[in-house]
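Only one structure is covered here, and it is reproduced in the block below.
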Amino acid sequence: MKFSEMPYTRPDLDALRRAAETAVAALDSATSAQAQLEAYRAYETAAATTQTMCSLCEIRHTIDTRDPFYEAEQDYLDEVSPQMEELDQQVSRALLRSPFRAELSEALGKLLFTNLEIQVRSFDPVLLPLMQEENKLTSAYQKLYASAMVEFDGKTMPLPKLGPYKESPDRAVRRAAYETEGRFFDAHQEELDDLFDKLVKNRTQQAKLLGHDNYLRLGYDRLGRNCYGPKDVEAFRDQIAQDMVPIVARVKADQAARLGLGGLKLYDDPMLFPDGNAKPFGTPDEILAAGRAMYEALSPETAEFGRFLFDNELLDVLSKDGKAPGGYCTDLPDYQAPFIFSNFNGTSGDVDVLTHEAGHAFAAYRAFRKGYPRKLQSPTMESCECHSMSMEFLTQDYHASFFGPATAKYELGHCEDALIFIPYGCMVDEFQTRVYENPDWTPAQRNAFWLELEKKYRPWLDLEGLPFYGRGAGWQRQLHVYLYPLYYIDYCMAQVVAFQFWMASLRDRADAWRRYLAFVDQAGTATFEGLVETAGLRLPYAPGAIKAIGRQILQWIDENPL
């Protein structure tokens with residue numbers, strides 16, 4: 001069914017409650033594993049419909065945050081979604097106390113029970129009011145960001161449309177674009193500080209009600225991390241600071257030399273080439289058509305997926321007034337369909353959307369057709385980001401369809417950009433970690449710590465008194481800090497895995513695709529560590545991994561100069 005034809009009805013909380021109560025009663029009274037399986041699957045059907053309606057609302061609300069109907073529906077869902085989670089928890093707890101756990105593990109997968117144990121320890125009904133407040137705060141941040149309209153180049157535009165100006169070959173234009181963006185955030189400084197302060201204190205209070213000292217353990221549990229913890233992430237960040245930052249510093253020195261600059265200002269950071277970064281040619285519709293042709297040719301699996309995606313209008317990628325910023329991929333379980341949301345802005349990022357978010361969508365499409373239980377259709381988030389970031393590289397044979405004679409420039413820029421991102425992502429994670437360890441920090445203390453981290457992870461950049469950025473508040477434009485606490489490190493670890501898939505593809509395209517497809521097709525039936533190891537790759541936080549992988553990437557850069 002086409003997306004435009006999918007009907008939305010407000011999720012019926014009472015009906016879901018009845019389905020959960022029926023499932024719990026049946027699970028507790030069942031005299032066989034088969035009876036329990038039937039009860040659980042009946043509840044999963046009802047829960048999938050609820051999830052479908054929630055996703056439809058989210059998509060249509062973020063496509064136009066000014067639509068009063070979907071704004072009201074999103075407000076309602078923000079209010080009731082914690083209650084939906086409570087019902088889900090009741091069913092999970094009934095499943096966990098089953099006397100037939102061995103048989104259920106055989107049918108549903110052993111990892112499902114590990115994940116359920118993590119899920120149930122991250123929730124208690126006493127948290128409901130705080131969770132509702134948290135939802136309202138994150139929605140307020142999104143609405144504020146989406147409302148941003150700025151005057152630039154004689155036009156009124158939403159913030160994402162500053163993207164091309166921030167990559168202009170004219171340095172003065174780049175600086176002006178950053179200043180314009182910064183002035184918006186400065187104008188809303190008090191509101192942004194207040195929203196984040198409330199979010200930190202809210203999440204900390206939730207954690208303390210569950211017996212934790214701070215939010216970190218609860219945050220990891222809510223991300224479902226089932227094979228590594230904060231110490232592993234800290235070890236990974238340490239490797240990045242020690243072994244990756246010097247490599248990136250060399251790459252940034254090359255960039256400064258290409259640009260003819262003695263040093264890089266913040267507004268020089270995304271400008272990789274003096275004549276401008278590679279840009280896709282053609283209209284947005286032509287870019288989408290090239291994307292469809294790419295997936296038709298890449299493999300039989302992606303051809304089937306691409307036809308389903310495009311024929312059913314399962315993407316909305318053009319930036320427009322009132323549209324929420326950023327990009328995401330979400331699922332519509334009742335239709336066994338993913339949906340891609342983004343904001344095209346005329347930069348190479350438009351192509352990255354067609355590979356990155358489509359990597360998520362491809363994995364979801366495959367998982368739906370494998371028939372996995374709902375809670376195993378997706379792995380943990382760092383593994384999901386491996387799906388997307390690896391797809392960015394594994395589509396390399398088709399980049400010329402978008403960039404033509406600028407393909408080599410795009411590929412060098414894409415590699416450098418991916419490499420440069422990793423220290424920044426670690427900076428975001430260390431910032432959040434310390435903030436949740438110190439929930440009483442003032443806005444000034446948070447900003448001061450962000451500036452410290454700039455020197456640790458991006459010492460090549462000069463913020464040069466820019467508005468907003470110069471006072472250490474640049475983290476406030478990163479949606480994940482407000483919306484998805486502690487998530488950002490997933491991108492960094494996934495990028496390390498994606499680099500390894502890419503290196504493998506340079507040696508043997510067919511073998512790399514086979515390994516990638518096997519990684520994707522396991523969905524959530526294996527841990528991140530299990531997925532990486534069975535693909536024959538190194539774990540990002542394994543000792544020495546970053547030094548070895550970083551050297552390979554630097555060697556490729558040196559062997560492929562423009």
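Residues of region 307-338 being farther than 26 Å from A140 by Cβ and either open to solvent by 10 Å² or more (accessible area, probe 1.4 Å) or of a type in the set (F, W, Y) (or both), which ones? Within region 307-338, R307, F308, F310, D311, N312, E313, L315, P333, D334, Y335, Q336 meet the criteria. Hey, any hits in region 296-303 for a residue that's open to solvent by less than 20 Å² (accessible area, probe 1.4 Å), over 19 Å from M6 (Cα atoms), in contact (Cβ under 8 Å) with a residue 60 or more places away in the chain and part of a helix (DSSP H, G or I)? Yes, region 296-303 contains at least one residue that is open to solvent by less than 20 Å² (accessible area, probe 1.4 Å), over 19 Å from M6 (Cα atoms), in contact (Cβ under 8 Å) with a residue 60 or more places away in the chain and part of a helix (DSSP H, G or I). Among the conditions (1) touching a residue at least 12 places away in the same chain (Cβ under 8 Å); (2) outside any helix (DSSP H, G or I); (3) of a type outside the set (K, R), the only one that G465 does not satisfy is (1).
Tell me, please, whether a residue that is out of contact with any helix residue (DSSP H, G or I) (no Cβ under 6 Å at 6 or more places or on another chain), at positive phi and open to solvent by 20 Å² or more (accessible area, probe 1.4 Å) can be found in region 139-154. Yes, some residue in region 139-154 is out of contact with any helix residue (DSSP H, G or I) (no Cβ under 6 Å at 6 or more places or on another chain), at positive phi and open to solvent by 20 Å² or more (accessible area, probe 1.4 Å). Of all the criteria given as (1) open to solvent by 30 Å² or more (accessible area, probe 1.4 Å); (2) in a helix (DSSP H, G or I); (3) touching a residue at least 40 places away in the same chain (Cβ under 8 Å); (4) under 30 Å from R203 (Cα atoms), the one not satisfied by T525 is (2). Of all residues in region 110-121, those that are touching a residue at least 24 places away in the same chain (Cβ under 8 Å) have Cβ atoms under 8 Å from Cβ atoms of residues that are open to solvent by 40 Å² or more (accessible area, probe 1.4 Å), 6 or more apart or on another chain, in L111/T525; L112/K375; N115/K375; L116/K375; V120/R93; R121/L210.
Could you list, in sequence order, the residues of region 390-401 that are open to solvent by less than 10 Å² (accessible area, probe 1.4 Å), closer than 30 Å to T525 by Cα and not polar (S, T, N, Q)? Quick ask: steps written out before the conclusion?
Initially, region 390-401 is screened for residues open to solvent by less than 10 Å² (accessible area, probe 1.4 Å), giving 390-391, 393, 395, 399.
Restricting the remaining residues to those that are closer than 30 Å to T525 by Cα gives 390-391, 393, 395.
If the condition is that a residue be open to solvent by less than 10 Å² (accessible area, probe 1.4 Å), closer than 30 Å to T525 by Cα and not polar (S, T, N, Q), then M391, F393 are the ones that fit.
Among all positions in region 225-237, there is at least one residue which is open to solvent by 10 Å² or more (accessible area, probe 1.4 Å), within 19 Å of M381 (Cβ to Cβ), part of a loop (DSSP other than H, G, I, E, B) and in contact with a helix residue (DSSP H, G or I) (Cβ under 6 Å, 6 or more places away or on another chain). If you go through region 344-353 and keep only what is open to solvent by 10 Å² or more (accessible area, probe 1.4 Å) and in a helix (DSSP H, G or I), you end up with G349, D352, V353.
Restricting region 402-426 to residues that are under 23 Å from the mean Cα position of the chain (by Cα) and hydroxyl-bearing (S, T, Y), the residue that is surrounded by the fewest Cβ atoms within 10 Å (Cβ to Cβ) is Y424.
Within region 91-117, which residues are part of a helix (DSSP H, G or I) and either buried (at least 17 other Cβ atoms within 10 Å of the Cβ) or aromatic (F, W, Y) (or both)?
As a first pass, look at region 91-117 and keep what is part of a helix (DSSP H, G or I): 91-96, 101-108, 110-117.
Once the filter is applied, which keeps residues that are part of a helix (DSSP H, G or I) and either buried (at least 17 other Cβ atoms within 10 Å of the Cβ) or aromatic (F, W, Y) (or both), region 91-117 yields V91, S92, A94, L95, L104, L108, L111, L112, F113, N115, L116.
Considering K143, K166, K110, K161, the condition of being farther than 30 Å from A256 by Cα, within 26 Å of the chain's Cα centre (by Cα), at pLDDT below 95 and basic (K, R) is satisfied by K143 alone.
Filter region 475-494 down to the residues that are assigned to a helix (DSSP H, G or I) and either acidic (D, E) or open to solvent by 10 Å² or more (accessible area, probe 1.4 Å) (or both) and list them by number.
R477, L479, H480, L483, D490, Y491
Would it be correct to say that F341 is part of a helix (DSSP H, G or I) and surrounded by fewer than 22 Cβ atoms within 10 Å (Cβ to Cβ)? Break it down into steps so the answer makes sense when it comes.
Working: part of a helix (DSSP H, G or I): no; surrounded by fewer than 22 Cβ atoms within 10 Å (Cβ to Cβ): yes.
No.
Among the residues making up region 155-195, those that are touching a Leu at 6+ places or on another chain (Cβ under 9 Å) and closer than 30 Å to L127 by Cα are H188, E191, L192, L195. Any residue in region 48-59 that is open to solvent by 50 Å² or more (accessible area, probe 1.4 Å), modelled with pLDDT of 95 or more and either hydroxyl-bearing (S, T, Y) or at positive phi (or both)? Within region 48-59 (the criterion being open to solvent by 50 Å² or more (accessible area, probe 1.4 Å), modelled with pLDDT of 95 or more and either hydroxyl-bearing (S, T, Y) or at positive phi (or both)), the answer is yes, since at least one residue qualifies.
Do you know which residues across region 361-372 are touching a residue at least 24 places away in the same chain (Cβ under 8 Å) and open to solvent by 30 Å² or more (accessible area, probe 1.4 Å)? If you could, list the steps in order and put the result at the bottom.
Residues of region 361-372 touching a residue at least 24 places away in the same chain (Cβ under 8 Å): 361-370, 372.
If the condition is that a residue be touching a residue at least 24 places away in the same chain (Cβ under 8 Å) and open to solvent by 30 Å² or more (accessible area, probe 1.4 Å), then R366, R369, K370, Y372 are the ones that fit.
In region 191-202, the residue that is most open to solvent (accessible area, probe 1.4 Å) out of those that are under 23 Å from L162 (Cβ atoms) and not hydrophobic (A, V, I, L, M, F, W, C) is E191.
Against the condition open to solvent by 20 Å² or more (accessible area, probe 1.4 Å) and within 20 Å of L223 (Cβ to Cβ), how does D124 come out, does it pass? Yes; evaluated as a whole, the condition is true for this residue.
The values are calculated or read from the model by the stated rules, or taken from the named source; none is laboratory data. Being a predicted model, the structure only gives us computed values, none of them experimental. Because the Cβ atoms are built from the backbone with ideal geometry, glycine has one as well, and the counts that use them run over all protein chains shown. Note: accessible area is taken over every heavy atom of the protein model, side chains too, but ligands, DNA and RNA are not part of it. Shrake-Rupley method; radii C 1.70, N 1.55, O 1.52, S 1.80 Å.
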